[in-house]
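The values are calculated or read from the model by the stated rules, or taken from the named source; none is laboratory data. It should be emphasised that the depicted structure is a prediction, and the values quoted were computed from it without experimental measurement. FYI the Cβ positions are ideal-geometry reconstructions off the backbone, even for glycines, and counts take in every protein chain you see. Ligands, DNA and RNA are excluded from the accessible area calculation, which covers all protein heavy atoms including side chains. Shrake-Rupley method; radii C 1.70, N 1.55, O 1.52, S 1.80 Å.
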Amino acid sequence: MAQKPSIPKGTRDFGPAEMVKRNFIFDTIKSVFKLYGYQPIETPAMENLSTLMGKYGEEGDKLLFKILNSGDFLSKADDALLQEKESAKLTSQISEKGLRYDLTVPFARFVVQHRNELQFPFKRYQIQPVWRADRPQKGRYREFYQCDVDVIGSNSLLNEVELIQIVDEVYRRLKINVLVKINNRKILSGIAEVIGQPDKIIDITVAIDKIDKIGLDNVNTELAEKGLPRQAIDRLQPILNLAGSNSEKLEQIKKVLATSEIGLKGIEEMETIFNWLQPLGVQTGVELDLTLARGLNYYTGAIFEVKALDVEMGSITGGGRYDDLTGIFGLPEVSGVGISFGADRIYDVLEQMDAYPKEADVTTRLFFVNFGEAEQTWCLPLIHQLRNAGISAEIYPEAAKLKKQMIYANSRNIPFVAMVGEEEMNTGCITLKDMEKGTQETLSGDELVERMKK
RNA sequence: GUGGAUGUAGUUCAGUUGGUUAGAGCGCUGGAUUGUGGUUCCAGAGGUCGCCGGUUCGAGCCCGGUCUUCCACCCCA
């Protein structure tokens, strides 16, 4: 009768070996966030559906996990809608909560609710899972962790610059080669304006975002299908074909957008960011990519995306500036900017590169063989002393065969094994074995502690 | 949400036109070695062939459904 247990599609268990690597990623990211003065917060896994709906576009609403109301949730539902099986309309009657889709919208809600307790500009980081009812694929999960850093309550482009520095620092520490792509929604708006299609900005951005993947011709076809007139598509071509350095691209696009106030504003922002960034010694490549759009429609200024250079993978970090996300919750005129590191994709990238530091695999540093009750009693105070000195140590819980205990230590990747049997107890010393070199030495208790500290 | 692949031991994978008892490497357990792991040698355990149903004298293999994973689209971390 026992059935095989399983977990929902797109979710995963993490064993010790995976958790050690995941924690390495989280710890690295967190330490950089702290280094730049960001403060941690957490918010609930579930939010009111009214907080989440409508923030991510039509597609996003579909991908939200909705939670059924408690109790007899159907009793309040409209009979007519039930009969028609109108799921979309019925949702609001049977579900008022949902799992968060990202960390930015819950953060905006948090800021509005706690505005009087916060000191602005507020710099926070948040590392928590989010859920999307997407169809899983490689690098795409239904439950995954985002590591967000945001500054809210400051219009300064210094924040954008700082976020690029953070990206540079994080990926340098993780030893992943990346390229930062940057663009600006104001430039995209300017383009839409100049070609006479300001209301088609979403369609235009979604289409040109795919240029790397499907090529220029297919982008043009898609634009025509979305109802853009021939003339407008023609005027778009020089923009899509821009080449050269960042400043060269900006010079060229400046001429095209000469009549668009918003477009010129976007160019000015980009110039400022590049100018401020220039002397800071950022090693990661930062490239202006006018075809970078990003789907989330709350972005209003700079938008970022980070791609791994050595591994085929979707973007591993993304973000941008949102001028009025808190406005929806009743706090207007507060601008924020932030980015999100996708921990699970970073994990996949490191896994493919096989680039984890060896130490990441070590949990216990010194393992004590258990030869029996008398030996065990002799060892325990010493183990306590080692732990007080900050050395991770453990003893096998029973006097199993030596071979079995050695195999255990070996499979746990424990670098040192201490052996205290009858001989050692009589002379008051410890035999220490280096598991990697295979060498052994005899030490006193104090010498052992000193030796392990190195 | 649309289209297409996939599933066999803990794991990676073989398995002939449908035909006796479903195999291998790695891993695991025990031994060679009662105070020495990672190398070697010997022996052994381990499978509702994803699940449900159908066709057939007979199904791991054929058919239908379902679930998982993966790929493309869509979108995104």
Only one of these conditions is not met by A:Asn155: (1) more than 16 Å from RNA strand B (Cβ to nearest atom); (2) more than 30 Å from A:Val32 (Cα to Cα); (3) surrounded by fewer than 22 Cβ atoms within 10 Å (Cβ to Cβ). Which number is it? (2)
Mind checking which helices (runs of 4 or more DSSP H) fall wholly inside region A:146-216 and carry at least 2 residues that are modelled with pLDDT of 95 or more? A:158-174
Does region A:409-421 include one or more residues that are free of Cβ contacts under 8 Å to residues at least 40 places away in the same chain and within 19 Å of A:Leu380 (Cα to Cα)? no
With within 30 Å of A:Leu228 (Cα to Cα) and among the small types (Gly, Ala, Ser) as the only criterion, which of A:Gly190, A:Gly153 stands out? A:Gly190
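Hey, could you check region A:121-133 for residues that are outside any strand (DSSP E or B) and open to solvent by 40 Å² or more (accessible area, probe 1.4 Å) and say which is farthest from RNA strand B (Cβ to nearest atom)? Reasoning before the result, please.
Taking region A:121-133 first, the residues outside any strand (DSSP E or B) are A:121, A:132-133.
Now narrow it down to the ones that are open to solvent by 40 Å² or more (accessible area, probe 1.4 Å): A:121, A:132.
On the way: A:Pro121: 22, A:Arg132: 5 Å.
Per the criteria, the residue is A:Pro121.
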With the requirement that a residue be in contact (Cβ under 8 Å) with a residue 24 or more places away in the chain, more than 6 Å from RNA strand B (Cβ to nearest atom) and in a helix (DSSP H, G or I), what does region A:422-432 give you? A:Met425
Of all residues in region A:433-454, which are in contact (Cβ under 8 Å) with a residue 12 or more places away in the chain, closer than 19 Å to A:Ala409 by Cβ and part of a loop (DSSP other than H, G, I, E, B)? A:Met435, A:Glu436
Being within 19 Å of A:Thr326 (Cα to Cα) and not in a helix (DSSP H, G or I) is the filter here; which residues of region A:43-85 pass it? A:Thr43, A:Pro44, A:Met46, A:Glu47, A:Asn48, A:Met53, A:Gly54, A:Lys55, A:Tyr56
May I ask you to list the residues in region A:369-401 that are surrounded by fewer than 15 Cβ atoms within 10 Å (Cβ to Cβ), among the hydrophobic types (A, V, I, L, M, F, W, C) and part of a helix (DSSP H, G or I)? A:Ala374, A:Leu380
Expected single match for touching a residue at least 24 places away in the same chain (Cβ under 8 Å), farther than 24 Å from A:Val334 by Cα and open to solvent by less than 20 Å² (accessible area, probe 1.4 Å) among A:Leu288, A:Leu309, A:Leu280 is A:Leu288
Please list, ordered by first then second residue, the pairs with beta carbon atoms under 9 Å, 6 or more apart or interchain, first in region A:235-246 and free of Cβ contacts under 8 Å to residues at least 60 places away in the same chain, second of a type in the set (Gly, Ala, Ser). A:Arg235/A:Gly196
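Tell me which residues, restricted to region A:25-53, are open to solvent by 40 Å² or more (accessible area, probe 1.4 Å) and either at pLDDT below 90 or within 15 Å of A:Gln128 (Cα to Cα) (or both). Reasoning before the result, please.
We begin by selecting, within region A:25-53, every residue open to solvent by 40 Å² or more (accessible area, probe 1.4 Å); these are A:27, A:30-31, A:34-37, A:39-40, A:42, A:44-46, A:48, A:50, A:53.
Matches in region A:25-53: A:Asp27, A:Lys30, A:Gln39, A:Pro40, A:Glu42, A:Pro44, A:Ala45, A:Met46.
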The one condition in (1) more than 16 Å from the chain's Cα centre (by Cα); (2) hydrophobic (A, V, I, L, M, F, W, C); (3) crowded, with 17+ Cβ neighbours inside 10 Å; (4) more than 14 Å from A:Pro44 (Cα to Cα) that A:Val149 fails to fulfil: (1)
Check A:Leu103, A:Leu118, A:Leu90, A:Leu99 and return the single one that is within 16 Å of RNA strand B (Cβ to nearest atom) and without any contact (Cβ under 8 Å) to a residue 40 or more places away in the chain. A:Leu90
When you scan region A:251-268, do you find a residue that is touching a residue at least 40 places away in the same chain (Cβ under 8 Å), of a type in the set (Ser, Thr, Tyr) and not assigned by TED's automatic domain parsing to the domain that holds A:Asp217, even just one? no
Residues of region A:381-416 being within 16 Å of RNA strand B (Cβ to nearest atom), farther than 16 Å from A:Thr431 by Cα and either touching a Gly at 6+ places or on another chain (Cβ under 9 Å) or outside the structural domain of A:Leu366 (by TED's automatic domain parsing) (or both), which ones? A:Ala399
Inspect region A:359-368 for any residue being among the hydrophobic types (A, V, I, L, M, F, W, C), surrounded by 12 or more Cβ atoms within 10 Å (Cβ to Cβ), assigned to a helix (DSSP H, G or I) and modelled with pLDDT under 95 and give the result as yes or no. yes
Region A:433-454, subset surrounded by 11 or more Cβ atoms within 10 Å (Cβ to Cβ) and near RNA strand B (Cβ under 7 Å from one of its atoms), residue nearest to the chain's Cα centre (by Cα): A:Met435
